[in-house]
Structures are given as structure tokens and as C-alpha cells.
Amino acid sequence: MQEQRFIEIMDSTLRDGEQTSGVSFLPHEKLLIARSLLHDLNVDRIEVASARVSDGEKEAVRMICRYAEQIGRLESVEVLGFVDGHTSVDWLADCGARTLNLLAKGSLRHCTTQLKKTPEEHIADIKAVVYYAAQKDIGVNLYLEDWSSGMKDSPEYVYKLMDELFTSHSSPIKRIMLPDTLGIMNPLQVVEYFHKMVKRYPDMHFDFHAHNDYDLAVSNSLAAALSGARGLHVTVNGLGERCGNAPLSSVQVILKDQFNARTNIREERINDISRLVESYSGIPIAPNQPIIGDNVFTQVAGVHADGDLKGGLYHNPLVPERFGRRRAYAMGKTSGRANIARNLEELGLNLTPEQMQRVTRRITELGDRKEVVTQDDLPFIVSDVLKHDVSEDKVKLVSYQVSLAYGLKPLANVKVEINGQQYEGHSSGDGQYDAFVKALRKIYKEFLGRTFPLLENYAVTIPPGGRTDALVQTVITWQMDGGRLLRTRGLDADQTEAAIKATIKMLNIVESSEPQTPAGA
């Protein structure tokens, strides 16, 4: 059996990820994210800041370095620095950091146009920083910024830089980090360029740093690993400048499942760190984001839930328990009985086939008006369907129309069927529901000569755990003849509709021969 290759993971959420537009972490937030990355997730290395940025950045790096030293992981904390003589190195030393990620130019165009220096001058400057860092007992990894363009347009410059820096085996540089700075590469180019680098420098530790401008960061990272990269750079949730970097979660699973590689990542903590970074960054995770999105372990189609019940037919290696999550079965107009049965089973609710049919019909009806019915909604739906159950509705709402116009009271036109006879009524009111009830009162008074129950109390609640499109539960308490109280409830995505359902339930109880349900039952 072929031995698994080990791939080192370097997370740059706190440096490159913070270059996401609108993202700025406070020092204590950086510390908590760093702690989660090192202690909980167990990444190999973290890049936490850029040197010389601000006093707040320096304080954050100091806090992280103190923590990392306490747990024996100080060498895992890295800081981006620049070819600027002693400045970046002294900044790191003042923070207590011990690893400098030195940003050099990896393309001739960047060297001559941005720095306005010859390759020989730039190489001399790099050497000066590297050797000064060694005197300060600070290790160095070397970024070749814009390396992808360098390999495409000026490979001789890349080779010259490498040859000059590694003329002997005594170079203090630990790793060469090869970025696709502009996100322009495809996997075939990554394979080609990495093969050239690895063939020419077989003993060198190469990292790959992907950007996602063409949505190829994960694919390119896999291609680099296949071609000899020993380390990959990622960010939590794919944060980063422009289109972001390679997402940690996706890179981890593709390395393990598609490449059979080994890492030190604790997969069961991926979701925790993703939610922490989501909270501090203010950048929401897309619901369909692989591994960490809200919807990725939710089956919607009923046939999928049915297949899972019959042997996990719709499972793949990305099982939710692997990431500290669980599979869900959404309920709505496309879900069917299997999804509902799975959710009822998890809640410990047992229904008869007839009750299941009625609950399914109700969920389908709600699904036409609401994207997803959540498991939190389900007990309320079951209660709504089964509570105050009557064998045959004697009062049926045939139709109603409620209108609302600026400067005018709401108007309601109502048609109901009572014991097989249809009646119509209309009225205005102080609100839409008030107009509806007054129209019903007219029907009962004018056509039936009966008193309509008085509304004693009206309460609106949202099932816990519901979303912004949550179902609304309306509970109405009625005062009946003789002072008895009756409480009915209605459930719907619309508050007025929920109140109307509760009202029709009350009328059916009144009309039925069954004893009235006392309030609180």
C-alpha cells in the first residue's frame, strides 16, 4: 500500500484573509481566531499579520506570540515582512515573533517596474534581510510574489533568483512559497510550472499560495500537491483580496478524499472555526458553500430522503458527522412523506397514517408560500393540524378579500359555508383582521340571529429557531356564552392568515356537537 503523503497546511486568514474588503479584526479577535486555528483545528502554521502596519497590529501579534509560546507553537506563527533592510525584522523581534515570511518579487516585471531595481540589486537586498534575520534568531520563508506571471513571462528571472539565493546548502531560508498572486493559473499550468521547479530544486520545500479569481483556487491547490508541493496556503471561508483564497475546508477534504494525503487538521472543528470567522469578519457564508454552508447537508427532494432510509443511497464520503454537523431533511412542497417522517422520527413524534397524510398536505401547502419548513416549525404544524380536530368541518371559509388603502380603514369581504349554506358579509375595521371578524359578526347576526364570541386575547409567537421567514403562530382566546373561555390557534407564514385559521377553528368547535375545549387545554 502506497504511503500517504503529508501536506503542511498554512492558514493566512489573519493576514491575507483580512485583506478582504471591509474586514478588520480587533486584536482580541485575532487572538481567539489564532487560538482556534492552532489549538482546536491544529493547523501547522498561521500567518497572522503584515509587519509595520499599525500599533494595533503589533499588539495583536504580541498577544498571539505570547499564547503560542505558552503552548509550544511559537514557530508556527508567521508574519509577512518586506525587503526593507532591518525594519521588518526588528518589528518581528519586538513582537516576539520567530518566523518571517519575506515578500520578494517573483517576476521580472514586478522587480523592474515596481521596485525599479535590477535582479542583481534585488537579490542582494533579499540576502541582506535574510542574514540579518538569522542574526536575530528569526527563521525565514521566502514568498516569490507574482511567481505565476514570472514562470509564464520571465522564467529565467525566477531561476536566477533561486540559483543566487541557494548557491550553497547553508541558506537559512526554510521554505519557498510560490503564489499565484493574480489568480491567473489553471491546474495544467500549475502542474507544468511545479514540475519545473521541483525538477530543478528537488530538495527544496515548496508551498503553493492560490487566489480564486477564476474559481480555480482549490483545483490549483490540488494540482500543486500532485506535482510536489509540500505545503498549501488557505484561509477560513476562502476570505482574501478580490475573490479570496483557497478555502481551508475544501482544500482539506479534497486532499484527503481525492489525493489520499495526510494533514494534521481536525476536521470535526472546521465548522466551529468557520462560524467564528464568519461572526468576526461580518462576511456571511453562502448557504451552498461546500462543507460549511447551511444547506450542504440538507436533503430537499423526497426521493433523496427515501433513498437514505433504504440504505444511505444519497450519501457520499462528505458525511456531516465528519465535520461536527448532522444531516437534515428539509420540508416543503418537494419533500414528500420520507423527509417528514425522518424529522418526526428525530423529534420522537409518532403519527397515524391518516395524521401523516394531513401533516404532509399542510406542509406542502405551506411550502408553496415559504421556501423551507424547518424542523423547529414541525411540532407547531403537527399541533395546528391535530389540535381541535373535528371529523367534518361545519364551517368552511369559501373565500375572503381584505383590502388596505392609504387614509382608509381596511375593508373585508367574506364568504363562508355554515352547515352547507353559504353566506356573504362585508365590513370595515381598524385592521385587516378586525375587518374580517366584523364581517363574520354581521353574517352571524343578520343571517343566523346568533351572537358571535368575543375576542378576549390575541397572542402572536414565532416558533423558536425560526428564520426571518418563520411561521407565525396566532393563539386567540374567545369568551363564549356563559363566560366560558375557548382558545384556538392558527399557523401560517402570514400573521393575518394565521389569525383567520384560528377563528375558523373556533367556529367549527362552536358548531360541532363535541364539548367545547376549555382555555388552557
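The values are calculated or read from the model by the stated rules, or taken from the named source; none is laboratory data. Keep in mind the model is a prediction, meaning the values are calculated, not measured. Positions of Cβ are generated from backbone atoms using ideal geometry, with glycine treated the same way; all protein chains shown enter the neighbour counts. For accessibility, only protein heavy atoms count, side chains too; no ligands or nucleic acids. Shrake-Rupley method; radii C 1.70, N 1.55, O 1.52, S 1.80 Å.
Numerical summary
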| quantity | calculated |
| --- | --- |
| Furthest towards positive pole of dipole, ALA60, THR263, VAL472, structure part the chain, Cβ charges | VAL472 |
| By accessible area with a 1.4 Å probe, ligands and nucleic acids excluded, highest first: order of THR118, THR20 | THR118, THR20 |
| Summed side-chain charge close to GLU18 - residues other than GLU18 whose Cβ falls under 13 Å, Lys, Arg +1, Asp, Glu -1 | -4 |
| Among THR451, ASN288, MET10 the positive-end extreme of the charge dipole of the chain (Cβ point charges) | THR451 |
| Carbon + sulfur, % of accessible area of the chain - ligands and nucleic acids excluded, 1.4 Å | 49 |
| Cross-link reach list, lysines versus LYS30, counting only Cα pairs under 25 Å and skipping chain neighbours closer than eight places | LYS58 |
| Helix axis angle, 55-70 relative to the chain longest principal axis, alpha carbon, degrees | 90 |
| Charge dipole magnitude, Cβ of K and R +1, D and E -1 - region 1-127, Cα centre, debye nearest 20 | 220 |
| Reachable lysines, given that their alpha-carbon falls under 20 Å from the alpha-carbon of LYS442 and they are not under 8 places away in the same chain | LYS394, LYS396, LYS409, LYS415, LYS501, LYS505 |
| Difference of contour (0.36 nm per residue) and Cα-Cα distance, ALA128 to LYS196 | 21.7 nm |
| Compactness of region 1-113, expressed as Rg and Dmax over alpha-carbon positions, Å | 15.2, 52 |
| Nearby lysines by direct alpha-carbon distance to LYS105 (threshold 16 angstrom, same-chain neighbours under 8 apart not counted) | LYS116, LYS117, LYS127, LYS152, LYS160 |
| Surrounding net charge for TYR280, when Lys and Arg each add one and Asp and Glu each subtract one, Cβ distance under 11 Å | -1 |
| Rounded to the nearest 20 debye, dipole of the chain from Cβ charges on Lys, Arg, Asp, Glu | 860 |
| Bins of 20 Å from zero: percent of alpha-carbon pairs in the chain | 19, 36, 22, 18, 5, 0 |
| Solvent-accessible area per residue, Å², over the chain with all protein chains present [probe radius 1.4 Å] | 46 |
| For region 157-295, with +1 on Lys and Arg beta carbons and -1 on Asp and Glu, the positive-most of TYR157, GLY240, SER221 along the dipole | TYR157 |
| Paired Rg and Dmax values of region 57-138, which use every Cα atom, in angstrom | 14.3, 44 |
| More than 19 Å apart - percent of Cα-Cα pairs taken over region 151-251 | 41 |
